[in-house]
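Engineer: Got a structure for you, written out below as structure tokens; questions coming shortly.
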């Protein structure tokens, strides 16, 4: 099959082995896949990943021992848990110490003709949700996770740092609950398509009044937490969405001095992302699509995704 493979170098190959389909799993023919910041970090050495990249997709089930799944259009949760440990027993398979992660850790990803996931990871997509929106469910679900981790009553002042796709999605999701939300970025061409509902935007953090109740760091930079600490009020909350490959020193003294709470926030449940799309059909996710490439052009697509103005670069893998 065709696949985008990373093994120290990024390369498109035409003859990558089609993955086996274990019992209880499904083979999915990938329609579209998205390139995200995590993919960019993986090719810098994050987690030492080797194999097929990609974890954001929409596709059609083509093989499965459960015939009810055949032909279904699906997305898939990326964490493949063991189902046996104490974390799995608590419903926290996303933190299973024995898990693999689609396109991120010990599990070939979706930037290929086919990927394989357990059927328990799959979520059928309603006909009303188009492919371009469905492929956004993974990062949108990650944004929705903030609403599970932080209690919001709507009166808070929230600042989201980072005008990449995840930062924009976090700002959109929070703005469905809170009226005072500001997205801070450095690129006017990214902030313009981010405008939705009552969301405010700013080009510099210096223009934002300090003392926000909640600050979300989605900068993709190891220095984002320092900026978040400076903008957050005493005993406020900082939500970290950034994962980076490069280690940097950060002075955490302000956290102690200001008694700020830090919450790490990673994956979300796909049912929450799908519900958000259905509740807000006007959420302009299509405005985040910067470019589309055929899978044969995947290396070029990654080069495009590195450009400062890029928000959402899609790989078109199979035409329905």
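The values are calculated or read from the model by the stated rules, or taken from the named source; none is laboratory data. Owing to the predicted nature of the structure, the values given are computational and were not obtained by experimental measurement. With ideal geometry, Cβ positions are generated from the backbone for all residues, glycine too; neighbour counts draw on all protein chains shown.
Engineer: Does residue 54 meet the test of being within 21 Å of the chain's Cα centre (by Cα), in a loop (DSSP other than H, G, I, E, B) and crowded, with 17+ Cβ neighbours inside 10 Å?
Structural biologist: On the way: within 21 Å of the chain's Cα centre (by Cα): yes; in a loop (DSSP other than H, G, I, E, B): yes; crowded, with 17+ Cβ neighbours inside 10 Å: yes.
Considered against the rule, which asks whether it is within 21 Å of the chain's Cα centre (by Cα), in a loop (DSSP other than H, G, I, E, B) and crowded, with 17+ Cβ neighbours inside 10 Å, residue 54 comes out as yes.
Engineer: Report, ordered by the first and then the second residue, all pairs with beta carbons closer than 7 Å, sequence separation of six or more or different chains, a first member in region 43-57 that is touching a residue at least 60 places away in the same chain (Cβ under 8 Å), and a second member that is part of a helix (DSSP H, G or I) and crowded, with 23+ Cβ neighbours inside 10 Å.
Structural biologist: Between residues of region 43-57 that are touching a residue at least 60 places away in the same chain (Cβ under 8 Å) and residues that are part of a helix (DSSP H, G or I) and crowded, with 23+ Cβ neighbours inside 10 Å, the close pairs are 54/39; 55/138; 56/138; 56/139.
Engineer: Is it true that some residue in region 7-20 is surrounded by fewer than 13 Cβ atoms within 10 Å (Cβ to Cβ) and under 15 Å from residue 119 (Cα atoms)?
Structural biologist: Checking region 7-20: at least one residue is surrounded by fewer than 13 Cβ atoms within 10 Å (Cβ to Cβ) and under 15 Å from residue 119 (Cα atoms).
Engineer: Which residue pairs have Cβ atoms under 7 Å apart, sit 6 or more places apart or on different chains, and have a first residue in region 286-310 that is without any contact (Cβ under 8 Å) to a residue 40 or more places away in the chain and a second that is part of a helix (DSSP H, G or I) and surrounded by 14 or more Cβ atoms within 10 Å (Cβ to Cβ)?
Structural biologist: 291/304; 293/300; 293/301; 310/304
Engineer: Go through (1) buried (at least 22 other Cβ atoms within 10 Å of the Cβ); (2) part of a loop (DSSP other than H, G, I, E, B) for residue 33 and report which single condition fails.
Structural biologist: Against the list (1) buried (at least 22 other Cβ atoms within 10 Å of the Cβ); (2) part of a loop (DSSP other than H, G, I, E, B), residue 33 comes up short only on (2).
Engineer: Within the group 31, 18, 35, which residue is within 14 Å of residue 103 (Cβ to Cβ), assigned by TED's automatic domain parsing to the domain that holds residue 76 and either in contact (Cβ under 8 Å) with a residue 24 or more places away in the chain or under 23 Å from the mean Cα position of the chain (by Cα) (or both)?
Structural biologist: On the way: 31 fails: within 14 Å of residue 103 (Cβ to Cβ); 18 fails: within 14 Å of residue 103 (Cβ to Cβ).
Result: 35 is the single residue among 31, 18, 35 that is within 14 Å of residue 103 (Cβ to Cβ), assigned by TED's automatic domain parsing to the domain that holds residue 76 and either in contact (Cβ under 8 Å) with a residue 24 or more places away in the chain or under 23 Å from the mean Cα position of the chain (by Cα) (or both).
Engineer: Quick check on residue 146: is it over 23 Å from residue 38 (Cα atoms), touching a residue at least 60 places away in the same chain (Cβ under 8 Å), not assigned by TED's automatic domain parsing to the domain that holds residue 37 and not in a loop (DSSP other than H, G, I, E, B)?
Structural biologist: Working: over 23 Å from residue 38 (Cα atoms): no; touching a residue at least 60 places away in the same chain (Cβ under 8 Å): yes; not assigned by TED's automatic domain parsing to the domain that holds residue 37: yes; not in a loop (DSSP other than H, G, I, E, B): yes.
So residue 146 fails the test.
Engineer: Let me ask something else. Of the residues 165, 197, which is within 20 Å of residue 277 (Cα to Cα), modelled with pLDDT under 95, outside the structural domain of residue 310 (by TED's automatic domain parsing) and surrounded by fewer than 18 Cβ atoms within 10 Å (Cβ to Cβ)? Steps first, please.
Structural biologist: Values: 165 fails: surrounded by fewer than 18 Cβ atoms within 10 Å (Cβ to Cβ).
The unique qualifying residue is 197.
Engineer: Taking strands (runs of 3 or more DSSP E) that do not extend beyond region 165-221, which have at least 2 residues that are at negative phi and touching a residue at least 40 places away in the same chain (Cβ under 8 Å)? Break it down into steps so the answer makes sense when it comes.
Structural biologist: Numbers: elements: 180-184, 200-202, 212-217.
Correct list: 212-217.
Engineer: Now, a different point. If we scan region 147-154, do we find a residue that is within 17 Å of residue 286 (Cβ to Cβ) and touching a helix residue (DSSP H, G or I) at 6+ places or on another chain (Cβ under 9 Å)? It would help to see each step written out before you state the result.
Structural biologist: Of region 147-154, the ones within 17 Å of residue 286 (Cβ to Cβ) are none.
Checking region 147-154: not a single residue is within 17 Å of residue 286 (Cβ to Cβ) and touching a helix residue (DSSP H, G or I) at 6+ places or on another chain (Cβ under 9 Å).
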